[in-house]
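Since the structure comes first, as structure tokens, the remarks are kept for the end.
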């Protein structure tokens, strides 16, 4: 099992580099050429989401991308270090339903749209988030024959 880890400052211009690295490692791992555009797009969307979360929450930690080449699959994890709220209805300081500000509503809509794009591109995707950060794990099958050519 080969692993590549990429850490980059949460700046939009580094997302392109992450996409290029992901595509190169996916190709070497044996991901079908026809799927490489999907890998690039999904990684770009996941990294853009993480960068946006870092910037909007003033998190200075780097975005982390881990690429893992297994025998039968290639997987990517994109992680942010933004503390995510528990899901469920919002509550105000008195325990009642909480109001959503217009800025929060727009950010949540963009976040959901990004996750929908990723889900449309990747068959095997898992999204998780907690107080330590969020993670998007994606994987694609590999073709052993591709490694021989």
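Read-outs throughout are calculated quantities, based only on the coordinates presented, and are distinct from any laboratory measurement. Note that the structure is predicted; figures quoted are calculated from it, not measured. Counting neighbours? That spans all protein chains shown, and the Cβs are built from the backbone with ideal geometry, glycine included.
Between residue 72 and residue 9, how high is the FRET efficiency from 1/(1 + (r/R0)^6) when r is the Cβ-Cβ distance and R₀ = 25 Å? Nearest 0.05. Present the calculation step by step, with values, prior to reporting the outcome.
Details: r = 34 Å, r/R0 = 1.35.
Rounded to the nearest 0.05, the efficiency is 0.15.
Using r as the Cβ-Cβ distance of residue 126 and residue 17, and R0 as 30 Å, what FRET efficiency do you calculate, to the nearest 0.05? The partial results should precede the final answer.
Values: r = 24 Å, r/R0 = 0.80.
Once the sixth-power term is evaluated, E becomes 0.80.
Within region 125-142, which residues have the backbone N less than 15 Å from the label spot 7 Å out from residue 34 along Cα→beta-carbon, could you tell me?
Residues passing the 15 Å test: 141-142.
Taking the Cα-to-Cβ direction at residue 1 and at residue 24 and moving 7 Å from each Cα, how far apart do the two end points lie in nm?
2.4 nm
Among 142, 17, which comes first, then next, by fewest other beta-carbon atoms within 10 Å? Can you show the working numbers first?
Numbers: 142 21, 17 13.
By the 10 Å Cβ count, ascending: 17, 142.
If neighbour count is taken as other Cβ atoms inside 10 Å, put 78, 65, 117 in order from fewest to most. Could you put the intermediate results ahead of the total?
Numbers: 78 28, 65 25, 117 17.
Exposure proxy ranking, most exposed first: 117, 65, 78.
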